[in-house]
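None of the figures in this text is laboratory data; all of them are computed from the coordinates on show. The model shown is predicted, which means the values in this text are computed figures rather than measured ones. Here the Cβ is made from the backbone with ideal geometry for all residues, glycine too, and neighbour counts use every protein chain on show.
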Amino acid sequence: MVMTEQTILGYLSEILDPEIPVLNIVEMGIVRSVFFENEKVVVTITPTYSGCPAMRMIEDNIVEKLKENGCGEVELKTVYTPTWTTDWLNEITKKKLQQYGISPPHTTSDNHFVEITLPKKISCPYCQSHQTSLKSDFSSTACKAMYYCNACLQPFEYFKEI
Amino acid sequence: MRLDTEIRDALFSFLLRIADDRLILGHRLSEWCGHGPILEEDIALTNISLDLLGQAEAYLKFAAEVEGKSRTEDDLAYFREVIDFKNCKLVELPKGDFAFTIARQFFFSQYCVLLCEKLQQSSLEQLAGISAKALKETTYHLRHSYQWMLRLGGGTEESRQRLQNAVDELWNYTGEMFLTDTIEQQLSAQNIIPSFVEISALWKENVARCFRESSITIPQTGFMHSGGRIGKHTEHLGHILSEMQILTRSFPKAKW
Ligand SMILES: [Zn+2]
């Protein structure tokens, strides 16, 4: 089979984010591009958060997956521009997050999170109520905030817009 | 990347300054792991610590490329001595009580937000990219510490007093963040970094606003500590480094 950039992207879509195992690294926007340099496959990736401990594992998984599928040499390049943003998650991806029990991110707006005021109302992923309160801007991972639903009395996480 | 030798040296020093600030503060914050006053804070402080370590890693990696002596970010983090570290003294002070930690986080995060807002427009693409990313993360750090400033300042008499004590103790260490010297001047002349005079003025304005809202009195500005930026540190840095570096130095090339 002739390998194209599309085939490679297909393989990469089988790699799930280790911390949110319902989303793959392509829909997360971690994979930025795939191209060939002669026989070598080059994959550019961008970190979600600077200190995200999953990045190392994701890098290993990419190399392993591509080798398994017959790629010879694989090179990974980390890029910082454009900066990763939750705005890259599309509606289907956001729906998956909600079904997994994580409230999906709102769209970022200029200046929104530089404001010191509390963020807007977040809906509960279980009962969709807006009667929720922020417990902490930080949760089990840097990308999520901790909320509590006052309607169904469940704690839940919100994928912070960034 | 083609840079004049002089600019390259200045850039290397500057990158060490901003990377070491984050590496050392991140390490200090990690000391709260398992010791936070409430579980949410334990998690918040360690998450912030992780962001800072990640930013330090990215800046150190870039510093190593700029230096061009085939050192890696790990070599720079684990195999330099006290005198080679260029962080400001503010970040190396022991973690103190919760009020001390919060006041320091507030001073530092406010500085970083202002600095990264400018650095994301740097004429060097790599520096701009890392800083644009750091800015997003640091904005959440600032929101975290700002809200604690309000809660501690507006809480009980004891919480307000502890916060005031922390602010008084830290104040003379804040000036070093805005130190202007030949490194800063050379780089800002090339639009690689912003002018620190400008950032300092904005910082003072924002801090004064927060103090008003949290009923904290601005300390009298007098003598400002410095020396960290040229490798002259308090006795605390050596202790952090020995803890941070011992494993790698005892077992070089150890892998998990
Ligand atoms: Zn609910």
Summed residue charge, Cβ within 12 Å of B:A99's Cβ, Lys/Arg positive, Asp/Glu negative
+1
I'd like the mean, over residues of B:42-49, of how many other protein chain beta carbons sit within 10 Å of each residue's own Cβ.
4
10 Å Cβ shell holding at most 16 others, DSSP loop, GluC sites (Glu not before Pro): longest site-free stretch of chain B
B:82-234
Loop only by DSSP, 15 or fewer other Cβ within 10 Å of the Cβ. Give me the trypsin sites (Lys or Arg not before Pro) in the stretch B:169-242 that pass, ordered by residue number.
B:K232
What average count of beta carbons from other chains do you get within 10 Å of the Cβ of residues in B:122-129?
2
Would you kindly work out the equivalent ellipsoid of the stretch A:5-78 from its C-alpha gyration tensor and give its semi-axes, the square roots of five times the eigenvalues, largest first in whole Å?
20, 13, 11
Residue order, fewest to most surrounding Cβ atoms within 10 angstrom, among A:R56, B:R2:
B:R2, A:R56
Could you let me know the centre-to-centre spacing of the stretch A:116-162 and the stretch A:19-75, using Cα atoms, in angstrom?
30
Within chain A, which is the longest segment that contains none of the GluC sites (Glu not before Pro) sitting in a DSSP loop with at most 15 other Cβ atoms within 10 Å?
A:116-162
Return the single residue from B:P219, B:P37, B:P94 with maximal mean-square fluctuation; model: Gaussian network over chain B, springs between Cα atoms under 10 Å.
B:P37
By count of other Cβ within 10 Å, fewest leading, how are B:H35, B:H225 ordered?
B:H35, B:H225
If you build a Gaussian network model of chain A, linking Cα atoms that sit under 10 Å apart, which residue out of A:I20, A:I62, A:I102 swings the most?
A:I20
With viscosity set to 0.692 mPa s at 37 °C, what whole-number translational diffusion coefficient in µm²/s follows for the stretch A:89-159 from Stokes-Einstein and a Kirkwood radius over Cα pairs?
263
Counting alpha carbon pairs within less than 8 Å and at least 6 residues apart, what relative contact order, in whole percent, applies to chain A?
17
May I have the extent of the alpha carbons of the stretch B:106-256 along their three principal axes, as whole Å values ordered from largest to smallest?
51, 41, 32
Using r as the Cβ-Cβ distance of A:K40 and B:Q121, and R0 as 30 Å, what FRET efficiency do you calculate, to the nearest 0.05?
0.30
For Cα pairs less than 8 Å apart in space and 6+ apart in sequence, what is the mean separation divided by the residue count of chain B, i.e. the relative contact order in percent?
25
Everything considered on the Cα gyration tensor (a ≥ b ≥ c; rounded for a/c under 1.5, else prolate if a/b is larger than b/c, else oblate), the protein assembly as shown must be described as oblate
Quote the charge dipole size of chain A about the Cα centre in Debye, to the nearest 20; the model charges only the Cβ of Lys and Arg (+1) and of Asp and Glu (-1).
620
Using modelled amide H (1.01 Å from N, peptide plane; none on Pro or chain starts), what sits under 5 Å from the amide H of B:C88, excluding residues fewer than 5 places away?
B:D21
Tell me, for the protein assembly as shown, which Cys residues have no other cysteine's C-beta sitting closer than 4.7 Å.
A:C52, A:C71, A:C143, B:C33, B:C88, B:C112, B:C116, B:C210
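Taking R0 as 30 Å, what's the FRET efficiency between B:K253 and B:T5 from their Cβ-Cβ distance, rounded to 0.05?
The calculated FRET efficiency here is 0.40.
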Calculate for chain B the 222 nm mean residue ellipticity that helices alone would give, adding -39,500 (n - 2.57) per DSSP H run of length 4 or more and normalising by residue count, nearest 500 deg cm²/dmol.
-22500 deg cm²/dmol
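Please average, across the residues of B:56-62, the number of beta carbons from any other chain that are within 10 Å of each residue's own beta carbon, and give a whole number. Display every interim value, and only then the final one.
On the way: counts 2, 3, 5, 1, 0, 1, 1.
For peptide B:56-62, the averaged partner shielding equals 2.
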If a/c stays under 1.5 just call it rounded; otherwise compare a/b with b/c (prolate if a/b is bigger, oblate if not). Do that for the stretch B:185-240, with a ≥ b ≥ c from the square roots of the Cα gyration tensor eigenvalues.
oblate
What dipole magnitude, in Debye to the nearest 20, does the stretch A:5-78 give about its Cα centre under +1 on Lys/Arg Cβ and -1 on Asp/Glu Cβ?
140
Distance between the C-alpha centers of the stretch B:52-91 and the stretch B:137-169? Whole Å please.
30
Among B:T46, B:T139, B:T156, determine the one that fluctuates most according to a GNM of chain B built with springs between C-alpha atoms less than 10 Å apart.
B:T156
Taking Cα pairs under 8 Å and at least six residues apart, what relative contact order does the stretch A:89-159 come out at, in percent?
27
Shape call for the stretch A:18-162 from the C-alpha gyration tensor, a ≥ b ≥ c root eigenvalues: rounded (a/c under 1.5), prolate (a/b greater than b/c) or oblate?
prolate
For a 19 Å ceiling on Cα separation, which of these pairs sit above it: A:K40/A:K77; B:K61/B:K118; A:K121/A:K160; A:K135/A:K160; A:K77/B:K133?
B:K61/B:K118
